[in-house]
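The values are calculated or read from the model by the stated rules, or taken from the named source; none is laboratory data. Keep in mind that this is a model prediction, so the values were computed, not measured. We place every Cβ from the backbone using ideal geometry, glycine too, and count neighbours over all the protein chains shown.
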Number of protein chains: 2
Amino acid sequence: MTKPPKTTPRPGRRVRGSATGRPVMVLLDLLGRRWVLRILWELRGAPLTFRALQAACGGLSPSVLNARLAELRDSLIVEQRPDEGYTLTRQGRELLTQLAPLTAWSEKWAKSLG
Amino acid sequence: MTKPPKTTPRPGRRVRGSATGRPVMVLLDLLGRRWVLRILWELRGAPLTFRALQAACGGLSPSVLNARLAELRDSLIVEQRPDEGYTLTRQGRELLTQLAPLTAWSEKWAKSLG
DNA sequence: CGTTTTTGCTACGATTTCAGTAGCAACAAC
DNA sequence: GTTGTTGCTACTGAAATCGTAGCAAAAACG
């Protein structure tokens, strides 16, 4: 049985603050959950095991990590490969590409904050 | 006295899961807080008053909205203009630009999820 | 084989964050 | 002066997250 966690936001489904379920709103809900951006970021390179990913994220609790991974798998952004670990799907990798310029921006931002 | 909310992540300061305070980590912490992405999104157009912004976000609680706005102002991403309301700073607008492709991505994503 | 590690997770109580409603001070309009 | 709007603060209960412990399965080791 595939178990879609009832908490995973999906396009067309009502999400936090948006009854319409417009894809971009759903995405913002999904990405706005704690650790999600960080998890995607840490998966930018090679696949990571559950524990490696947990460590990369500074030791977040396994319950939360597992919850986030379930949502991301359910959303076809992350997948789990046997004997390799967790990795981004092609789609997930595209998403991360969109987010890549954030590094450059954050450097400038840091300077402006002194 | 300027009151930097002790919870506002800042480059160089330790953030959730990252003792280094690398700018991009700090940014991910900031953006990963609930409602932040949505708030930036809703401010993409004209300035909005507190209540208008609250309504645009589907009626999130004023306490959370106020907390997020304080963090974003503190981070020089959002500013409050007298008689106009809240708006993105130049910097904040740049950040949003980096995020803009998310709309297109989310459309494709929605289709792939059926 | 038996033992030790590693891995992927689940359980659970403590803490933090968020939701939801109420309401207040300041200002403006009527 | 009363009604309305705005920007918020306060408060309580619900939900999300933290932090630690631990367990079953698989791998590595001897």
Checklist entry - Considering the range B:59-86 alone, what residues qualify as being free of Cβ contacts under 8 Å to residues at least 24 places away in the same chain and of a type in the set (Ser, Thr, Tyr)? => result B:Ser61, B:Ser63
Checklist entry - Restricting the search to the range A:28-37, which residues are facing chain B (nearest Cβ under 7 Å) and more than 10 Å from DNA strand D (Cβ to nearest atom)? => result A:Leu28, A:Leu31, A:Leu37
Checklist outcome for this item: When the range A:2-27 is checked residue by residue, the ones that are facing chain B (nearest Cβ under 7 Å), over 24 Å from A:Cys57 (Cβ atoms) and at pLDDT 75 or above are A:Arg10, A:Pro11, A:Pro23, A:Val24
Checklist entry - Filter the range A:74-90 for residues that are closer than 15 Å to A:Leu53 by Cα and not polar (S, T, N, Q); which is nearest to DNA strand C (Cβ to nearest atom)? => result A:Gly85
